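Working notes for the structure below.
The values are calculated or read from the model by the stated rules, or taken from the named source; none is laboratory data. These figures come from a predicted structure and were not determined experimentally. Heads up, the Cβs are rebuilt from the backbone with ideal geometry, glycines too, and the neighbour counts pull from every protein chain shown. Note: areas computed on protein heavy atoms with side chains; ligands, DNA, RNA excluded. Shrake-Rupley method; radii C 1.70, N 1.55, O 1.52, S 1.80 Å.
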Amino acid sequence: MGSCAVEGGCPSDYIAVTISGVSVILLLIRSAFPFLFHKVPPTKGGDIWLVWIQIFASVNLILAMVMALNFLKFERRHWWQSCYMWAGWFEGPLGFGLLMSCRIVQAFKLYYLFVRRHLPPIRSYIFLPLVLLPWLGMVTFLHLKKPLNPRCHLQTRWVTAIVILHALYIAAMIGVTRAIQHIEFRFHEFKDLLKGIIVSSIVVGVWISSYILNQVQDDVKWLQVTSRFMLLLSASILVLSFYSISISQPLLSQMSLRKRDPQRFKTMGRALGIPDSGLLSQRGPLDVSPDEPLDKLLHNKIFRQSFMAFADSCLAGESVHFYDEVNELNKIPVDDHVRRVYMARYIIDKYIVEGAAMEVNISHRCRQEILATPDLTHPDLFKNAVHELIQLMKTVQLRKRLLVVDVLCQVQRRVK
């Protein structure tokens with residue numbers, strides 16, 4: 001044990017590397033499972049890219065610890081094997097720091113959506129680097145001072161700074177989570193955040209204890225081997241469990257494989273339990289006329305669904321889909337703030353933001369009014385957008401009557 005405690009390659013080191021390798025494989029399988037088996041299409045809206053960054057950070061953290069702590073016996077001959085590369089950048093800002101920052105960004109967005117009831121004032125892709133600034137500053141300072149020895153160990157004062165930085169990110173997560181604890185989420189967001197805090201606090205506590213022993217007790221060989229093993233083991237548990245505990249997103253199962261995640265709802269309205277009104281019931285006679293204005297015809301659900309199918313095949317159907325989603329939003333009571341925020345955010349991500357999956361053709365002014373709204377629960381949030389799209393659909397005057405007659409004929413055949 002004497003030589004391998006310093007140079008690496010102890011039996012326990014290989015066991016720890018094997019466990020970490022298995023955790024990374026399971027992590028990749030979990031991330032690919034929804035797309036391979038549930039056939040979940042990749043989405044452009046929302047912040048799903050945070051999930052991919054979290055996977056990237058998890059792999060970086062595991063790989064950095066293997067390279068920095070001499071689990072495998074090798075000599076550092078090349079620049080890419082440097083302690084400052086692995087123990088600095090990949091283990092810090094590109095590993096643990098990035099992993100925790102993704103969680104903080106997600107909690108920050110939930111706070112603004114459901115407590116402040118408007119979109120965050122800063123985009124996630126801008127806020128994430130800002131959250132990482134303490135780690136970036138710490139690693140830059142390490143490069144300037146060069147405190148790491150050939151075994152990638154630090155002196156006690158530097159170890160204290162690193163420990164404080166880890167605790168700071170845990171404290172930030174706790175602070176943001178406390179701010180949203182009173183919200184009655186429908187998709188377990190607060191429960192997932194709470195689980196993430198509990199898991200990360202326990203595992204990071206074990207990790208910090210092992211880290212201190214590994215960095216400070218250089219001369220105790222058995223302690224070096226044991227602490228090294230516990231460091232990699234706790235990191236493997238952290239990345240796997242942290243990914244499995246999702247910030248729940250309705251209609252998406254990208255973030256975990258739990259039984260409640262597979263696709264159970266075809267629309268956000270069903271996911272939120274929005275009831276159908278009698279006016280929009282699919283049963284009953286079709287009491288419409290081709291001479292009625294288009295905006296009035298769209299109030300009939302049977303006509304709207306047939307018109308939607310026709311528009312998808314012949315025209316730009318996103319306008320009719322948008323109208324249908326806004327109609328579902330209007331069924332939610334004004335005082336039901338949580339469900340209105342869910343639905344409004346879903347509509348914005350799907351139809352309003354630039355590059356959305358079904359971006360609608362509305363004016364820049366109208367789009368900015370929605371994105372800059374101070375209240376996502378306002379009943380007239382999408383009123384101007386609906387008006388613009390109705391006018392846009394009415395511009396096809398020469399085809400309108402023929403289109404309506406054709407759709408009505410199809411609907412009548414269905415009813416019969």
Total residues in the stretch 134-158, condition open to solvent by less than 40 Å² (accessible area, probe 1.4 Å), part of a helix (DSSP H, G or I) and more than 19 Å from Met100 (Cβ to Cβ): 1
Consider Leu213 against the criteria (1) touching a Leu at 6+ places or on another chain (Cβ under 9 Å); (2) in a helix (DSSP H, G or I); (3) open to solvent by less than 20 Å² (accessible area, probe 1.4 Å); (4) under 16 Å from Met65 (Cα atoms): it satisfies all of them except one. Which criterion is unmet? (3)
Are any residues in the stretch 216-244 polar (S, T, N, Q) and either crowded, with 21+ Cβ neighbours inside 10 Å or modelled with pLDDT of 85 or more (or both), and if so, which ones? Gln224, Thr226, Ser227, Ser234, Ser236
Counting only residues that are aliphatic (A, V, I, L, M) and not in a helix (DSSP H, G or I), how many does the stretch 326-381 have? 11
Would you mind finding the one in Ile180, Ile174, Ile197, Ile162 that is farther than 18 Å from Ser58 by Cα, within 20 Å of the chain's Cα centre (by Cα) and surrounded by 17 or more Cβ atoms within 10 Å (Cβ to Cβ)? Ile180
For Leu110, work out the one condition from (1) in contact with a Pro (Cβ under 6 Å, 6 or more places away or on another chain); (2) touching a residue at least 40 places away in the same chain (Cβ under 8 Å) it doesn't fulfil. (1)
Please state which of the following conditions Ala32 fails to meet, knowing it meets all the rest: (1) among the aliphatic types (A, V, I, L, M); (2) surrounded by 14 or more Cβ atoms within 10 Å (Cβ to Cβ); (3) modelled with pLDDT of 70 or more. (2)
Restricting the stretch 75-126 to residues that are hydroxyl-bearing (Ser, Thr, Tyr) and closer than 19 Å to Ile62 by Cα, the one modelled with the highest pLDDT turns out to be Ser101
Selection within the stretch 351-381 - in contact with a Phe, Trp or Tyr (Cβ under 8 Å, 6 or more places away or on another chain) and within 14 Å of Ser319 (Cα to Cα): Tyr351, Met358, Glu359, Val360
Filtering the stretch 52-104 down to residues that are buried (at least 22 other Cβ atoms within 10 Å of the Cβ), outside any helix (DSSP H, G or I) and without any contact (Cβ under 8 Å) to a residue 40 or more places away in the chain yields Glu91
If I filter the stretch 390-413 for residues that are open to solvent by 30 Å² or more (accessible area, probe 1.4 Å), modelled with pLDDT of 85 or more and of a type outside the set (A, V, I, L, M), do I get at least one hit? no
Does at least one position in the stretch 115-135 carry a residue that is over 17 Å from Trp89 (Cβ atoms), without any contact (Cβ under 8 Å) to a residue 24 or more places away in the chain and over 18 Å from the mean Cα position of the chain (by Cα)? yes
Scanning the stretch 334-354 residue by residue, those closer than 15 Å to Pro374 by Cα and out of contact with any Lys or Arg (no Cβ under 7 Å at 6 or more places or on another chain) turn out to be Arg340, Ala344, Arg345, Ile348
Gln368 open to solvent by 70 Å² or more (accessible area, probe 1.4 Å), out of contact with any helix residue (DSSP H, G or I) (no Cβ under 7 Å at 6 or more places or on another chain), modelled with pLDDT under 85 and not small (Gly, Ala, Ser): no
